[in-house]
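Step one of this worksheet: look at the structure below.
The values are calculated or read from the model by the stated rules, or taken from the named source; none is laboratory data. Worth saying up front: this structure is predicted, and the values here are computed from it rather than measured. Neighbour counts run over all protein chains shown; Cβ positions are idealised from the backbone, glycine included.
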Amino acid sequence: MPRITTVNKDSLNEAAEIIKSGEIIAFPTETVYGLGADATNGQAIAKIYEAKDRPSFNPLIVHIGVKDNPESYVVMNETARILANAFWPGALTMILPRQNDCPVSELCSVGLPTLALRMPAHKTAQKLLAAANCPIAAPSANRSGTISPTTPTLVADSLGENVPFILADGSCDIGLESTVIDLSGETPVILRPGQITPKDISRVLDQDVQIESGNSDAPKSPGLTLRHYAPATHIRLNAVDIKPGEALLAFGSTKFMGIEGGGAAKDLPDTAIRNLSETQDLNEAAANLFRMLHELDKPEHKAIAIMTIPDVDLGLAINDRLKRAAKAQS
Ligand code: TXA
Ligand code: MG
């Protein structure tokens with residue numbers, strides 16, 4: 001069973017050290033318990049997906065400290081500023097465009113140009129953020145497809161050995177996930193209802209706000225309604241060779257990858273080849289996936305040839321994304 005450790009100065013420091021070392025922990029927030037990792041570390045983020053057994057990548061909420069400047073991560077518009085003033089710290093998550101030099105791993109945004117940001121109000125969450133001194137990405141701390149946990153025991157029941165350390169601080173006050181509002185479009189849209197209601201938001205903004213699901217009794221996961229990132233360049237899956245003009249997204253050794261008509265992978269210019277993981281580590285591959293796809297997504301490439309990635313563990317989520325991207329193009 002995972003270690004359930006009651007919050008105090010020592011356990012807080014230990015939790016912060018675990019986060020800094022690139023590992024995951026469960027921690028309390030005012031809404032539900034989160035499964036957290038250093039948001040700037042792609043390999044740490046990959047461990048979140050692995051622990052939750054997510055068959056696909058769903059973008060993650062990034063939590064920031066009260067002293068953090070949200071502008072370091074996202075482009076704040078006027079609406080976002082008003083809502084931050086009214087509801088932060090608190091149970092509101094805002095989807096906004098990523099800053100150009102946003103330090104958060106692209107795996108958090110699963111390749112999208114936006115980022116979900118929340119400044120939690122929970123004292124322990126805030127102390128952890130201050131001690132770890134980095135933004136913390138955290139979905140709810142439950143196995144994929146099960147309900148969000150509101151106590152340390154529920155976290156342990158759901159994740160078992162997949163979460164080695166649970167920072168325990170009683171049950172969550174709100175017990176329902178945060179309200180998610182998309183502010184990246186022309187008008188604000190609530191993607192997930194929560195304790196902060198459309199009415200609360202309308203009042204503060206002095207305008208009506210749309211609700212995406214249209215039925216607040218059956219909130220659908222924003223992940224389902226999300227537009228997925230697909231490169232503009234055609235992608236070719238399960239490639240065993242490289243066609244002239246193609247870029248290569250490799251997985252493992254490229255020794256036997258030849259270019260049709262002559263040449264080998266090693267003859268490709270640096271700009272036309274990336275390796276998700278030379279050692280075939282799926283965790284590393286997940287961490288690199290969206291950044292490398294972006295880097296190879298160039299008009300001068302006829303297509304991106306992608307080597308086969310095994311359909312196990314995190315490979316399932318990687319292949320899910322690649323198949324969706326390929327389908328979006330066809
Ligand atoms: O209360 C909460 O929000 C908890 C605590 C831990 O903060 N977290 C939580 O995270 O519920 P999660 O991953 O279970 O739900 C996040 C939701 C997902 O449905 C995801 O699709 C959506 O937010 N989301 C995240 N980033 C997004 C983005 N860039 N665009 C659209 N939706 C996004
Ligand atoms: Mg969840």
So which residues in the stretch 285-330 are among the polar types (S, T, N, Q) and either surrounded by 15 or more Cβ atoms within 10 Å (Cβ to Cβ) or touching a Lys or Arg at 6+ places or on another chain (Cβ under 7 Å) (or both), if there are any at all?
-> N288, N319
Which of the residues spanning the stretch 151-193 are within 12 Å of ligand 2 (Cβ to nearest atom) and over 17 Å from Y49 (Cα atoms)?
-> L176, E177, S178, V180, R192
Might you check whether a residue that is crowded, with 17+ Cβ neighbours inside 10 Å, more than 18 Å from R192 (Cα to Cα) and free of Cβ contacts under 8 Å to residues at least 40 places away in the same chain occurs anywhere in the stretch 32-40?
-> no
Pair list, Cβ < 7 Å and 6+ apart or interchain, from the stretch 164-180 residues that are within 16 Å of T93 (Cβ to Cβ) to residues that are within 14 Å of ligand 1 (Cβ to nearest atom) and among the basic types (K, R) | E177/R192; S178/R118; T179/R192; V180/R192
Does D169 satisfy the condition of being modelled with pLDDT of 95 or more, surrounded by fewer than 17 Cβ atoms within 10 Å (Cβ to Cβ), more than 27 Å from S105 (Cα to Cα) and acidic (D, E)?
-> no
Taking the stated definitions as given, is A132 of a type in the set (A, V, I, L, M) and within 16 Å of ligand 2 (Cβ to nearest atom)?
-> no
Looking only at the stretch 239-292, and only at residues there that are assigned to a helix (DSSP H, G or I) and without any contact (Cβ under 8 Å) to a residue 12 or more places away in the chain, the one that is nearest to A44 (Cα to Cα) | D270
Of everything in the stretch 139-188 that's assigned to a strand (DSSP E or B) and closer than 17 Å to P2 by Cβ, which residue is nearest to ligand 1 (Cβ to nearest atom)?
-> S140
Identify the single condition in (1) in contact with a strand residue (DSSP E or B) (Cβ under 9 Å, 6 or more places away or on another chain); (2) more than 16 Å from ligand 2 (Cβ to nearest atom); (3) under 30 Å from S277 (Cα atoms) that I61 does not satisfy, given that it satisfies every other one.
-> (2)
Residue, nearest to ligand 2 (Cβ to nearest atom), within the stretch 135-150, restricted to residues that are surrounded by fewer than 20 Cβ atoms within 10 Å (Cβ to Cβ) and either within 15 Å of V66 (Cα to Cα) or hydroxyl-bearing (S, T, Y) (or both) | S148
Would you check if there is a residue in the stretch 191-211 being of a type in the set (S, T, Y), within 16 Å of ligand 1 (Cβ to nearest atom) and surrounded by 17 or more Cβ atoms within 10 Å (Cβ to Cβ)?
-> no
Where a residue in the stretch 73-88 is closer than 25 Å to E106 by Cβ and its partner, wherever it lies, is in a helix (DSSP H, G or I), with Cβ under 6 Å and at least six apart | M76/P70
Applying the selection to the stretch 231-251, what residues are buried (at least 19 other Cβ atoms within 10 Å of the Cβ), over 14 Å from S330 (Cβ atoms) and among the hydrophobic types (A, V, I, L, M, F, W, C)?
-> A239, I242, A247, L248, L249, A250, F251
Positions within the stretch 105-137 being closer than 24 Å to L293 by Cα, within 11 Å of ligand 1 (Cβ to nearest atom) and part of a loop (DSSP other than H, G, I, E, B), in sequence order | V110, G111, L112, P113
From the list A37, A46, pick out the single residue that is away from ligand 2 (no atom under 16 Å from the Cβ), within 30 Å of H228 (Cβ to Cβ), modelled with pLDDT of 95 or more and under 13 Å from the mean Cα position of the chain (by Cα).
-> A46
